[in-house]
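Trainee: Below you will find the structure I want to go over with you.
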Amino acid sequence: MDYRSEAPEIIKNFLTYHETIKGHSKKTVDEYYLDLRNFFRYLKIARNIVPRDTELEEISIKDIDLDFVKSVTVSETYEYLAFMTRDRVKNQRSREAEYGTMASTRARKVSTIRSFYKYLTLKAKLLDTNPLQDLDVPKIPHTLPRYLTLPEAQALLSSVDGKNKERDYCILCIFLNCGLRISEIVGLNIQDIRADHLRVFGKGSKERIIYLNDSTAQAINDYLLIRKSIAAIDKNALFLSNRRKRMSREAVHSMVKTSLTRAGLDADKYSSHKLRHTAATLMLQNGVDVRTLQELLGHENLNTTQIYTHVDNSELRIAADANPLSKFKPE
């Protein structure tokens, strides 16, 4: 996707700002563009600029200019969210049609819209006042992260097999011991490997150091012996596909699902990201404090990390047992 050829100038400048000044990844910038494109496509339908039976995908937004942007109201934006909630077939992963987006998706779209208008007001100085300043973000229901137990994690590591055994075991080991994101794992280069740590580039290209325990260091060393014998097309990439190119996110996802199934675990219930949850939870359960975990996981906000403290809180167990009714049995 190239927003430079599709986006109107006012949106293009916003996206360029986030890509060059804020240092956001191409994936993040593309998501911003898709969110804004969808919003302004809807507005063109709602305002009868295009026929109401026009498919969103067929609507161009190249004619969106400052006057159009300035005229948007909070009420129109809430109507757009209602449209996304009730009317828009959105869930592409399900085989059955599902109507409405998740609250987290709607919240992200609102955050993008708010960021766009904040940029126009405070950075670009194109708006004297922000017409969407009072726009609220949809409330997101908090759910506890799903994770593997220690025996399940051990079973997963023990199940690895096949011609890419060393590679796959190394990837799973990094997931479960280091808590990396899948994008961070596929982005690892050979030069990011040190004797006792990894150099990792997370969201926004923020660099952090991840120290290696013995099992992870051994897994990496075992894989590197195999990696050296491969005539790689992507010479810098640490993890290679069978085509000798850098492994894609999709390939890692597929490998994780296959390994979960081989280990007798529910591949529909768990995913690559759940392995990151597993690493975080196991560390907290074994004495790592939440601020250290925040730095290790690369979370910008401590609140993001604190969700893991509710997964298995030993103090809550102690409090439950301390209740004088905890041992009561009716006669």
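Trainee: Considering only the range 218-241, how many residues are more than 26 Å from the chain's Cα centre (by Cα) and not aromatic (Phe, Trp, Tyr)? Write out each step before concluding.
Mentor: Just the residues of the range 218-241 that are more than 26 Å from the chain's Cα centre (by Cα), to begin with: 218, 221-233, 235.
When the remaining residues are screened for being not aromatic (Phe, Trp, Tyr), the result is 218, 221-222, 224-233, 235.
Residues meeting the conditions: 14.
Trainee: Looking only at helices (runs of 4 or more DSSP H) that fall completely inside the range 1-75, which ones have 2 or more residues that are without any contact (Cβ under 8 Å) to a residue 40 or more places away in the chain and touching a helix residue (DSSP H, G or I) at 6+ places or on another chain (Cβ under 7 Å)?
Mentor: 3-6, 9-20, 26-46
Trainee: Pick from Leu284, Leu265: which is crowded, with 16+ Cβ neighbours inside 10 Å, at pLDDT below 85 and either within 20 Å of Thr149 (Cβ to Cβ) or not assigned by TED's automatic domain parsing to the domain that holds Arg181 (or both)? Can you show your working first?
Mentor: Details: Leu265 fails: at pLDDT below 85.
Exactly one of Leu284, Leu265 is crowded, with 16+ Cβ neighbours inside 10 Å, at pLDDT below 85 and either within 20 Å of Thr149 (Cβ to Cβ) or not assigned by TED's automatic domain parsing to the domain that holds Arg181 (or both), namely Leu284.
Trainee: Could you say whether any residue in the range 193-203 is outside any loop (DSSP other than H, G, I, E, B), within 24 Å of Gly298 (Cα to Cα) and among the small types (Gly, Ala, Ser)?
Mentor: no
Trainee: So which residues in the range 252-269 are under 18 Å from the mean Cα position of the chain (by Cα), under 19 Å from Leu180 (Cβ atoms) and touching a residue at least 40 places away in the same chain (Cβ under 8 Å), if there are any at all?
Mentor: Answer for the range 252-269, where residues must be under 18 Å from the mean Cα position of the chain (by Cα), under 19 Å from Leu180 (Cβ atoms) and touching a residue at least 40 places away in the same chain (Cβ under 8 Å): Val252, His253, Val256.
Residue-wise test of (1) more than 21 Å from Ser111 (Cα to Cα); (2) of a type in the set (Ser, Thr, Tyr); (3) modelled with pLDDT under 95.
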| site | (1), (2), (3) |
| --- | --- |
| Glu19 | no, no, yes |
| Arg47 | yes, no, no |
| Leu66 | no, no, no |
| Phe83 | no, no, yes |
| Tyr99 | yes, yes, yes |
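Trainee: Another question, if that's okay. Against the condition out of contact with any Leu (no Cβ under 6 Å at 6 or more places or on another chain), in a loop (DSSP other than H, G, I, E, B) and either closer than 17 Å to Leu34 by Cα or at pLDDT below 95 (or both), how does Asn130 come out, does it pass?
Mentor: Working: out of contact with any Leu (no Cβ under 6 Å at 6 or more places or on another chain): yes; in a loop (DSSP other than H, G, I, E, B): yes; either closer than 17 Å to Leu34 by Cα or at pLDDT below 95 (or both): no.
Criteria not met by Asn130.
Trainee: Kindly indicate whether Ser229 is assigned to a helix (DSSP H, G or I) and either in the same structural domain as Lys27 (by TED's automatic domain parsing) or polar (S, T, N, Q) (or both).
Mentor: Considered against the rule, which asks whether it is assigned to a helix (DSSP H, G or I) and either in the same structural domain as Lys27 (by TED's automatic domain parsing) or polar (S, T, N, Q) (or both), Ser229 comes out as no.
The values are calculated or read from the model by the stated rules, or taken from the named source; none is laboratory data. In this text the structure is predicted, and so the values were computed from the model without any measurement. Backbone-built Cβ (ideal geometry, glycine too); neighbour counts: all protein chains shown.
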